[in-house]
1. Taking the range 108-185 as the region of interest, what is the percent of Cα-Cα pairs per 10 angstrom bin, listed from the shortest bin to the one with the maximum distance?
2. Could you work out which residue, out of 89, 200, 223, moves most in a Gaussian network model of the chain, that is, has the largest mean-square fluctuation with Cα springs under 10 Å?
3. Taking only the Cα atoms of the chain, how large is their convex hull per residue, in Å³?
4. So what is the 222 nm mean residue ellipticity for the chain from helices alone, if each DSSP H run of at least 4 adds -39500 (n - 2.57) and you divide by all residues, rounding to the nearest 500 deg cm²/dmol?
5. Please work out the Cα center distance from the range 143-187 to the range 69-83, rounded to the nearest Å.
6. Any chance you could get the radius of gyration and Dmax over the Cα atoms of the range 204-291, in Å?
7. List the residues, sorted by chain then number, that are 5 or more residues from residue 40 or on another chain and whose placed amide H is less than 5 Å from its amide H.
8. Ranked by Cβ crowding within 10 angstrom, fewest neighbours first, how are 207, 249, 105 ordered?
Amino acid sequence: MSFTDKRVYRAGTRESALALAQTDLLIRRIQESSNVELLARPMKTSGDLLTDRSLASIGGKGLFTRELDRALLEGSIDLAVHSLKDMPCHLPDGLAIAAFSKREDPRDVLVLPITGPSPEKPIGCSSKRRALQLARLFPGWKTAPVRGNVLSRLEKLDRGEYGALVLAAAGLKRLGLARRISRFFEADEMLPAPGQGILCVVIRAEDDFPFLRAAADPDSACCALAERALVEALGGGCASAIGAYAEVDGRRLTLRGLSFETPGVTPLQGSVRGEKTEAEALGRHLARQLR
């Protein structure tokens, strides 16, 4: 096959700066070790357009994947790149996750306005998980919902609409904005969202793209499977306040989980440890402990 005959694979992604940066990161990693050509295909999703209401009230995490799922099934793209924490537990029939990337920093962080702290303004949080854990850490802090992509949230912060934001370290680092981080929340303080810091590649179930192995990380895959199994077994969705974080040490995996069944009540929390090859079973086992 000549170079001009080489197939071009279309990688679907959301249009936000972060989504494009993440997709470019995966494309570069794949092209460094495979003789394939990948082009990003940005698309608008319902979750990007409907930013005036909470995700829970308008359909949950699937709003960030629905249009890309449809494009995959219709054949207008060949694969889709997502932040794993935005993925529903169940994919539409005919689709499958083909690769989990190496995990970026999974922690949540505090970001202050460029003009300095504004203690009279609320802290913008995009999830119940963050807001409820903040309330335990700092009982006097007020929180308020914030929607939009990372850059639009930072604009709202710097305009004075919020006194601070809680965001994912991974997104800020991938955008080259680590300098905006004022404080890291360690996992013992604020347990991350399931899948936070991991990217995933979704393909049609019948497809097999060997070049995706260059973008895959086996340990991240084990962590992802354990965390997602925990959420699924707990029946968690977009409105749930569930934290999950798995770490691999050699052949062993430790999974920590937290679930707020009722706001204002001490959350259910615990951990399990076992063989990383049993990642999903460990997630289901921890869910039984937390019920």
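Just so you know, all these numbers are worked out from the coordinates, no wet-lab data involved. Keep in mind the model is a prediction, meaning the values are calculated, not measured. FYI the Cβ positions are ideal-geometry reconstructions off the backbone, even for glycines, and counts take in every protein chain you see.
1. Over the range 108-185, the share of Cα pairs per 10 Å bin runs 20, 59, 20, 0 percent.
2. Maximum among the listed residues: 89.
3. Working: hull volume 39.6 nm³, N = 291.
Here the figure is 136 Å³ per residue.
4. Values: 9 runs with 88 residues, N = 291.
Theoretical 222 nm ellipticity from helices: -9000 deg cm²/dmol.
5. 28 Å
6. 14.6, 48
7. 11
8. 249, 207, 105
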